[in-house]
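The values are calculated or read from the model by the stated rules, or taken from the named source; none is laboratory data. Quantities reported herein were computed from a predicted structural model and do not represent experimental measurements. Note that we place each Cβ from the backbone using ideal geometry, even for glycine, and neighbour counts take in every protein chain shown.
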Amino acid sequence: MTTTFWFAAATMIALALAFIVAPAVRNRSRNRAGDELRQQNLIAYRGRMAELDADYQAGIIDPQTYGQLRDELAGGLLDDVAERPASAPVRPGTGGARLLAIGCVLVVPVLAVLLYQHWGALGQVEQWQTMKQMMDSPDGSAAGIGKLADQLNERLKTAPDNPEGWGLLGQTYMNLERYDDAAQAFEQLARLEAGVPEQAASAWGLVAQARFFASQGNMTPAVSQAIDQARTLNPDEVNSLGLLGISAFDQKDYRAAIKYWERIAKVAPDHPELSAIRQGIIAAYTRMGKPVPAGSAAAISARGVTVKVELAPDLAGKIPDDTTLFVFARQPDRQGPPLAIARLTAADLPARVRLNDALSMAPNARISAADQVLVTARLSRSGTAMPKSGDWQGSLGKPVKVDADPQIINRLVIDQPIP
């Protein structure tokens with residue numbers, strides 16, 4: 001139970017009580033004030049009548065004047081009573097404003113808390129807060145993210161009907177390489193999505209992927225079982241097809257690997273790992289000693305750009321070998337994803353890289369369709385393609401022509417720090 005939530009709840013209850021108690025107290029005060037005014041008017045009337053009677057008895061006023069003044073005085077009292085109606089009598093059994101206020105103060109908060117705990121959504125509120133902390137946490141360390149993930153896990157167990165929460169939890173555990181925990185989270189997601197076969201199939205594919213990593217790349221019975229559940233719901237579930245392709249490739253069944261990977265390229269042409277899938281298909285054909293056929297998803301245009309990436313001499317020995325190296329090409333003066341991107345490490349430097357359609361990120365953004373491109377190489381300490389302070393990069397000074405000759409080499413030097 002969060003302090004912020006209960007403070008807001010207490011404020012709302014207080015406002016509700018104000019609407020109930022204040023009118024009763026205000027009406028009671030108004031009625032009391034009216035009664036007192038009428039009592040004062042009655043006392044004044046009686047005093048004035050006594051004075052009038054005394055003047056009449058003393059002969060100061062004549063009978064006609066006495067009657068006229070008496071009638072006027074009585075009429076004034078009646079007019080005052082008509083303008084200020086008497087308060088309604090208290091009905092038996094209704095209780096006073098004080099009892100009503102005390103009862104509301106005691107009963108309303110207790111009843112509100114009990115009913116909210118029974119029907120409310122506090123569990124979802126706490127889950128959402130934890131999910132937001134995970135995504136916005138300034139502590140990007142594995143320990144910090146892991147602690148938040150475990151908090152979300154405990155809250156999801158008490159209120160499990162939250163597919164978004166289980167999905168985020170599973171992906172977080174995957175990033176933390178806690179694959180068994182990820183598999184359990186994805187299993188919960190699969191059960192919640194049971195009514196939507198395609199989404200349930202995707203969840204079981206993620207279960208298979210987590211179990212595959214947990215088994216260090218072995219096709220265990222648990223992995224096979226998750227794949228079977230996924231493909232029963234959707235034979236073209238891409239995570240399952242990818243794992244089957246990897247397993248077939250490891251067993252040197254290259255034809256089967258190509259079949260699975262070609263299927264992914266057909267049913268998911270915008271798959272984010274399509275470049276890696278194409279490279280796998282090319283590798284499988286290479287292992288069989290055969291060229292990639294023209295109709296294959298891995299068939300690519302000969303057009304591209306070749307670059308030789310080098311490290312500036314003054315940086316030699318200063319960059320760890322495991323630092324991620326990205327080499328990518330973009331269209332000049334245009335936004336959008338790179339037309340081709342290669343991922344290596346600093347240990348590969350100097351490196352000769354051919355940027356072509358095999359390294360494209362999307363089927364509708366290929367380097368073979370461009371006339372010229374700008375090429376950049378970046379050493380990323382974080383391992384992500386987005387530039388960050390502390391990274392190093394280099395670029396070709398001007399756009400270079402895209403052509404079919406891989407022997408035209410453009411020299412690129414990494415020598416610029418990113419502040």
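When residue 226 is tested against (1) modelled with pLDDT of 95 or more; (2) within 29 Å of the chain's Cα centre (by Cα); (3) within 24 Å of residue 296 (Cβ to Cβ); (4) of a type in the set (A, V, I, L, M), exactly one condition is not met: (3). Restricting attention to the range 214-223, the residues being modelled with pLDDT of 95 or more and either of a type in the set (Asp, Glu) or touching a Leu at 6+ places or on another chain (Cβ under 9 Å) (or both) number 1.
From 352, 330, grab the single residue that is farther than 16 Å from residue 276 by Cβ, under 34 Å from the mean Cα position of the chain (by Cα) and of a type in the set (D, E, K, R). Step through it out loud before you land on a result.
Details: 352 fails: under 34 Å from the mean Cα position of the chain (by Cα).
Answer to the selection: 330.
Suppose we filter 326, 249 for residues that are of a type in the set (Phe, Trp, Tyr) and touching a strand residue (DSSP E or B) at 6+ places or on another chain (Cβ under 8 Å); which single one remains? Full working, then the answer.
Details: 249 fails: touching a strand residue (DSSP E or B) at 6+ places or on another chain (Cβ under 8 Å).
Only one candidate qualifies: 326.
Listed here are the residues, each with its yes/no results for (1) outside any helix (DSSP H, G or I); (2) surrounded by fewer than 23 Cβ atoms within 10 Å (Cβ to Cβ); (3) among the aromatic types (Phe, Trp, Tyr); (4) in contact with a Ser or Thr (Cβ under 6 Å, 6 or more places away or on another chain).
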{"position": "184", "(1), (2), (3), (4)": "no, yes, no, no"}
{"position": "189", "(1), (2), (3), (4)": "no, no, no, no"}
{"position": "194", "(1), (2), (3), (4)": "yes, yes, no, no"}
{"position": "199", "(1), (2), (3), (4)": "no, yes, no, no"}
{"position": "203", "(1), (2), (3), (4)": "no, no, no, no"}
{"position": "207", "(1), (2), (3), (4)": "no, no, no, no"}
{"position": "211", "(1), (2), (3), (4)": "no, no, no, no"}
{"position": "217", "(1), (2), (3), (4)": "yes, yes, no, no"}
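Give the residue that is surrounded by the fewest Cβ atoms within 10 Å (Cβ to Cβ), with candidates limited to residues of the range 363-388 that are among the small types (Gly, Ala, Ser) and closer than 22 Å to residue 401 by Cβ. Quick ask: steps written out before the conclusion?
Taking the range 363-388 as the starting set, the residues that turn out to be among the small types (Gly, Ala, Ser) are 365, 368-370, 377, 380, 382-383, 385.
Checking the rest, the ones that are also closer than 22 Å to residue 401 by Cβ come to 365, 368-370, 377.
Details: 365: 18, 368: 16, 369: 14, 370: 21, 377: 25.
Result: 369.
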